[in-house]
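The values are calculated or read from the model by the stated rules, or taken from the named source; none is laboratory data. Only a predicted model underlies this, so the values are computations on that prediction, with no experimental measurement involved. Please note: Cβ atoms are built from the backbone with ideal geometry, for glycine as well, and neighbour counts cover all protein chains shown.
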Amino acid sequence: MAEDQDKILEEVTGGEYKYGFYTDIEMEEFPTGLNENIVRLISAKKKEPEFMLEFRLKAFRHWLTMKKPDWAQLNIPEIDFQDIIYYAVPKKKPELESMDEVDPDLKATFDKLGIPLDEQKVLAGVAVDAVIDSVSVKTTFKETLAEKGIIFCSISEAVQEYPDLIKKYLGSVVPHQDNYFGALNAAVFSDGSFVYIPKGVRCPMELSTYFRINAINTGQFERTLIVADEDSYVSYLEGCTAPQRDENQLHAAIVEIVTLDRAEVKYSTVQNWYPGDKNGVGGIYNFVTKRALCKGDYSKVMWTQVETGSAITWKYPSCVLQGDHSVGEFYSVAVTNNHQQADTGTKMIHLGKNTRSLIVSKGVSAGKSQNSYRGLVKVSKKAENARNFSQCDSLLMGDKCGAHTFPYLEIANNSAKVEHEATTSKIGEDQIFYCNQRGMSTEDAVGLIVNGYVKEVINQLPMEFAVEAQKLLQISLEGSVG
Amino acid sequence: MNKTCRIVNLQEEYSQLYKENLSLLENGAPEKMNASRAKAFDLFVEKGIPSNKVEEYKYTNLQPFFKGSFDIALSSDAALEGAAENFNCGVPELDTHNVFLINGWFANQDDCNQLPKGVVVGSIREKAEQYPEVFEKYYNENTPNNLDAMAAMNTAFAQDGAFIYVPKGVVVEKPIQLVNIMSGDNDRLVFQRNLIVVEENAQVKVMLCDHTISPQKFVINNLTEVFVKENSVFDIYNVQNQHNLTTQVSGMYVHQKKHSNILTNNLTLHSGVTRNNIRVTMDDEHCESHVYGLYLSDKNQHVDNFTFIDHAKPNCQSFELFKGVMDDSASGAFTGRVLVRPDAQQTNAYQSNNNLLLTDNAKINSKPQLEIYADDVKCSHGATVGQLDDEAMFYLRARGINQTEGRILLMFAFAYEVIEKIRVEPLKENIRSLVEKRFRGEFDKCDSCVVCGQQGSSVSCL
């Protein structure tokens, strides 16, 4: 008995001793797994106001009731959502001393893309010397933007500084219960960008995530919100042509765009994440929900995307054409090689009168990849004089790949004019022969023909992007011929 | 005796209906027909009557239509009870061999001696006993296991239907016409199962004419299996002419062999709710298939054409054209799935779906799909939804043609593209005039049809 008491005493006193070594080091990483506490922790960590926490919790609770979608023409391996760390402060990558230490394959790709040496260093994680003063570049940009009243910052910053705007627009285009990956993102999104263009302002430069502070490392659950007020214009670029190696396998991002009367937003994406190796091992799963709400009359949204990376792409940038006379356009190039899978397309939902939409989708599949276009054109009963034209072409290279089109046309108004066209074919031997005969290698010839085939889309990209994108296509298809 | 069943909770009551009457269902039916039931029934119970939650039936929810109180005929006598005996639904100037089926059961047919030697036409029940080798070899062989719930339902419940066998090298000049008559004093549930086998180097043309002649509600599930062997030519024209209370699920499963050439044309002139499941499997090289359809709907009618062209082997060609005119509150749907399997090189597949919407309340959903796993192919699909061309109308009016007449002219021109594809000249002429009348609003029934000629005045189709 006395012995027991001693023990307890010892434990209690010993306990005190133990707790004495309390360390004040902040945890940089959350435990793996997902539950309500994690959601609360993320929100607390970011010092978010109450409404944000509620938004996240609602989304999370809804997500629990949802099932992973299986309708896409994709073979998605089981994803263990409990094996993911949902919040992590960006870890410092080991800095390399010089360009010589960079993976020679990566360097060769950079050279082919024609990326300036300094940028190459940034992308490859080499310590940058003082030649480019990136900070000063950013500040100049920031000043120019601030003069015009444009807000361009990270979404966490916006939550703190512009809660009214966030409250009004966040989740207004993609509600938290929208879809499985959308709900997940709403619950746990880490960061992203926020853009607000005030009335009558034409943004003087292409906004790009590349220049934004803290955003060079794209988060796993990114969230972007763009609001274009009346009569404004902005062109926004996302992504980068350079290959991006990322350790996160699952990416579930959301992009929301709202355009008010007579506003115009042009959103261009070049996605080139790690597609896995030649045998289909590894690679990023890219599940993105992108949607624009053309809320105002005469507003316009234009999506342009060049998708060459990721092992699995599941992405449908859409337009809800609510305002009368609003316009939605979608231009896409999706290239898949080796074991990549892509199921991508768009939704054009015509609600307002005299709305117009245009869809141009070009798929290229090579190797053992599967490439699908899936799209919806919906004309609601009140959408008088809606007009849509869709063209979805597929190019097949190799006899082991697949190209599919799944367009849905739902028309409930008799004044609508909707047209859809799709073709699937391969590169003609006569075309290759013609190029060979003129001294071009077969690989170059294929590059040339593919570039001609996708020109309609590439032309929509901002100039500097377009040049890189063209080269990127050629690289993506390397090794697919012969 | 007609058996009456009341269906409220689809699954349970259909299961009960099946289980309680299994002995009656099996009574006198060919062995293989009965042997196939159990598996099909399990599949049907598992899948159930499709609602719009099922992707393939996204635009047609069949569930409400399969509820109600129905008579079901479990024997020939019950099916033919009270139905008029002599029908003639010939197309003028078209000499056809007529086969009459009432409520899914074989009733009678023209003298078989007029058919070329060796050609077998008749009731599937009877002929299965007489030609077991043909029946055993083909029955239920073209309905893949994971198939559609409605096909499974048909396999589980069907007892009779038509049987057509054309032996090697025989060319049947006269089209064979299967007249399916729906008649009864109460609402009715009807199953029908047809089997058509066209042997090597043979040719035959079949017309399926569906008529409802009494005003009751009919729920019909019919399925036609077709096997087309090497170098043979096969045409099937399905003229659907039902009243507004009819729900019809019509399956057409065609299996093709080398160098065969088939044509299916679904002409839905009048219907309540119609769902056509058309599946063509090109299981050998150098097959050619033409799959066409025309649907003219008004009132609250609904037509859903679901086609699946399976290019399983290289060097095949398929041509698909579906056109629809939607008036009043009619709704229509089209799904055209083209699958080119791996190594089915040198495939040509063309598909087109065009629709005219005439009113604010009309609706159309179109879903063309291409699924391609081979590279040396030429595939295309197109879908359009629109209205009559104002400029064309102006042109006509400027030449003294009034608006109504101009409209009819333009609609007819739109529909004619499908009619043109009919490969039987007198039938083409007949359909042409039917469609024209349909647009003029004068159409009650095909007046060339004696069935309608006799009773059409008392029973209005419209």
Fill in: Checklist (1) in contact with a Phe, Trp or Tyr (Cβ under 7 Å, 6 or more places away or on another chain); (2) farther than 30 Å from A:Ala383 by Cβ; (3) more than 14 Å from chain A (Cβ to nearest Cβ) applied to B:Pro342, failing item
(3)
Worksheet, complete the sentence: For region A:386-399, the count of residues that are surrounded by fewer than 19 Cβ atoms within 10 Å (Cβ to Cβ) and at the interface with another protein chain (Cβ under 7 Å from one of its Cβ atoms) equals 2
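For every residue, the table says whether it meets (1) outside any strand (DSSP E or B); (2) in contact with a Ser or Thr (Cβ under 9 Å, 6 or more places away or on another chain); (3) touching a residue at least 40 places away in the same chain (Cβ under 8 Å).
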| position | (1), (2), (3) |
| --- | --- |
| B:Asn365 | no, yes, yes |
| B:Thr384 | no, yes, no |
| B:Glu391 | yes, no, no |
| B:Ala413 | yes, no, no |
| B:Tyr416 | yes, no, no |
Response to the item:
B:Phe319 fails exactly one of (1) within 19 Å of the chain's Cα centre (by Cα); (2) within 11 Å of another protein chain (Cβ to nearest Cβ); (3) surrounded by fewer than 20 Cβ atoms within 10 Å (Cβ to Cβ), namely (2)
Worksheet, complete the sentence: Filter region A:38-53 for residues that are assigned to a helix (DSSP H, G or I) and exposed (fewer than 12 other Cβ atoms within 10 Å of the Cβ); the one that is modelled with the highest pLDDT is A:Glu50
Discussion item. Condition (residue is in contact (Cβ under 8 Å) with a residue 60 or more places away in the chain, β-branched (Val, Ile, Thr), more than 10 Å from chain B (Cβ to nearest Cβ) and out of contact with any Ser or Thr (no Cβ under 8 Å at 6 or more places or on another chain)) applied to region A:441-456: is it met by at least one residue?
Written reply: yes
Fill in: Selection count where residues are out of contact with any helix residue (DSSP H, G or I) (no Cβ under 9 Å at 6 or more places or on another chain), within 17 Å of B:Val239 (Cα to Cα) and of a type in the set (Gly, Ala, Ser), scope region B:153-180
0
Response to the item:
With criteria (1) closer than 23 Å to A:Glu421 by Cα; (2) without any contact (Cβ under 8 Å) to a residue 40 or more places away in the chain, B:Ile408 comes up short on (1)
Discussion item. Of everything in region B:137-177, what is at pLDDT below 90 and at positive phi? Give them in sequence order.
Written reply: B:Asn140
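Would it be correct to say that A:Thr355 is in contact with a Gly (Cβ under 8 Å, 6 or more places away or on another chain) and under 27 Å from B:Asp328 (Cβ atoms)? Walk me through it before giving the result.
Working: in contact with a Gly (Cβ under 8 Å, 6 or more places away or on another chain): yes; under 27 Å from B:Asp328 (Cβ atoms): yes.
Criteria met by A:Thr355.
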Fill in: Hits in region A:356-369 (condition: surrounded by fewer than 24 Cβ atoms within 10 Å (Cβ to Cβ) and not basic (Lys, Arg))
A:Leu358, A:Val360, A:Gly367
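Within region B:388-396, is even one residue within 14 Å of chain A (Cβ to nearest Cβ), surrounded by fewer than 24 Cβ atoms within 10 Å (Cβ to Cβ) and not charged (D, E, K, R)?
Checked region B:388-396: at least one residue is within 14 Å of chain A (Cβ to nearest Cβ), surrounded by fewer than 24 Cβ atoms within 10 Å (Cβ to Cβ) and not charged (D, E, K, R).
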Worksheet item: Quick check: anything in region A:349-363 within 18 Å of A:Val288 (Cβ to Cβ), within 11 Å of another protein chain (Cβ to nearest Cβ) and within 24 Å of the chain's Cα centre (by Cα)?
Response: yes
Fill in: Residue count for region B:346-369, restricted to those that are touching a Lys or Arg at 6+ places or on another chain (Cβ under 6 Å) and more than 9 Å from every other protein chain (Cβ to nearest Cβ)
2
Worksheet item: Exactly one of (1) under 18 Å from the mean Cα position of the chain (by Cα); (2) more than 22 Å from A:Val288 (Cβ to Cβ) is unmet by A:Ser154. Its number?
Response: (2)
Response to the item:
Expected single match for facing chain B (nearest Cβ under 7 Å) and of a type outside the set (Asp, Glu) among A:Gly402, A:Gly367 is A:Gly402
Response to the item:
The one condition B:Pro368 fails out of (1) surrounded by 17 or more Cβ atoms within 10 Å (Cβ to Cβ); (2) farther than 19 Å from A:Ser372 by Cα is (2)
Worksheet entry | Among the residues listed as A:Ala412, A:Ala383, A:Ala416, the single one being over 27 Å from the mean Cα position of the chain (by Cα), more than 9 Å from chain B (Cβ to nearest Cβ) and surrounded by 20 or more Cβ atoms within 10 Å (Cβ to Cβ) | A:Ala383
Discussion item. Taking the condition of being aromatic (Phe, Trp, Tyr) and more than 20 Å from A:Ser415 (Cβ to Cβ), how many residues in region B:388-408 meet it?
Written reply: 1
Practice prompt. Please work out which one of (1) at pLDDT 90 or above; (2) outside any strand (DSSP E or B) is the condition A:Thr144 fails and give its number.
Written response: (1)
